[in-house]
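What follows is a set of notes on a single structure, which appears directly below.
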Amino acid sequence: MSPGHVQEIKIAISKIILSMVTSADEATASYERICKEFLNRVIRAKGTPARMISNDLGDEPDVISSSGKHIARKFDALLPALKARFEWCVMNYKSEAQDYLGTQLGQLDAMLQQFLEQVPVGGTKENAIRRRITGIKREILPLAKWDQRFYTHKAMSFPSEVEFIFCLEGNPVAAIWHYNPLDEQGIDPKIQNHKQRDSLVFAVRDNWAIIKGLMRVGPNGYLDEVSRPSQEAGCMCRLQWVYSINRLPANMVTEKGHSELKRVQVATRAGVETQKPKSVTGPETEQGRLRSWLRRWTGRGNHRTK
Ligand SMILES: [Zn+2]
């Protein structure tokens, strides 16, 4: 087959395939609709929506939040950040979807090129050629559902961003990255380096302990300098939040922090009801008050899993 003929057939086949598959723009529009619905539920709940409660009046059911009253109180102030993350997620989805679809189409194109170059004039019934045709069919069929497959790898992206913003309101000082081996089935090559992040501690920028001079950034840098779990397609990692400096690696605690910890330990051992050692545990949220009280007097750290 002549090179000109190969190109002609390839263009014709590509046109047929493109008419069959969802475009990256269509897939993004569908994702945007899903995220918008989620955002509306978050707004109605003033927090992460947990469940719907119907009322007798026949109105729209109420959405109950699982984020606590401290988030509901601050919700209006957090809304611009939530909307900004919504916009970002949609934009990121579009760019990743274009890359993913482009890679899939590129692989198919290379396969077609190879196949057409091997087909002699007048065609052939050779077994090898038949096998190649079967291979091409196998590539085309999943391509028709690429958008569904891509979405399943991205479904948690926006809810994770929302949860991230709410978690920061609990005044954490750092987060520990926990790698999930399921990342190996992810479709974004960028997640290949997540294994190296396993168990690393990242500092929260401008947190209360840094402001008070009790902790330093540490060797892994700030949390906002790396991607977050679920941002990259197929990432299943998670963050474990750290709320007090006694749960930090020693090299992230300053001299002042160490002496403050020592002071609290001595006070705890002596059982002296001194002034609350707030400086090592940070500002309290309503829901964390009892937990942090127990923590102070049992010497146990407070960390919460996302
Ligand atoms: Zn990951």
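The values are calculated or read from the model by the stated rules, or taken from the named source; none is laboratory data. The structure displayed is predicted, hence computed values, not measured ones. FYI the Cβ positions are ideal-geometry reconstructions off the backbone, even for glycines, and counts take in every protein chain you see. Surface accessibility is based on the protein's heavy atoms, side chains included, excluding ligands, DNA and RNA. Shrake-Rupley method; radii C 1.70, N 1.55, O 1.52, S 1.80 Å.
For the reader, a short list of remarks on this structure follows.
- Once the chain from Asn251 to Lys10 is taken as fully extended at 0.36 nm per residue, the excess over their C-alpha distance is 80.8 nm.
- Annotation: amide H-H contacts under 5 Å for Ala174 (H modelled 1.01 Å from N, sequence separation of 5 or more, or interchain): Val204, Val242.
- Virtual spin-label span in nm between Ile133 and Lys195, 7 Å along Cα→Cβ: 4.1 nm
- For Ser65, the residues whose modelled amide H falls within less than 5 Å of its own, excluding neighbours fewer than 5 places apart on the same chain, are Ala50.
- For region 187-193, Karplus couplings with θ = phi - 60° (6.51, -1.76, 1.60), whole Hz, Gly/Pro x: 10, 9, x, 5, 7, 4, 8
- Gln107 versus Arg216: modelled label distance in nm, points set 7 Å from Cα along the beta carbon direction: 4.6 nm
- Where the alpha-carbon atoms of region 229-269 are placed on the principal axes, they occupy 47, 19, 10 Å, in descending order.
- Rounded accessible area of Thr28 (nearest 10 Å², 1.4 Å probe): 10 Å²
- Among the listed pairs Lys94/Lys190; Lys46/Lys69; Lys36/Lys69, those beyond 19 Å (Cα-Cα): Lys36/Lys69
- Amide H contacts under 5 Å for Cys237: Asn180, Ser230, restricted to partners 5 or more places along the chain or on a different chain, H placed in the peptide plane at 1.01 Å from N.
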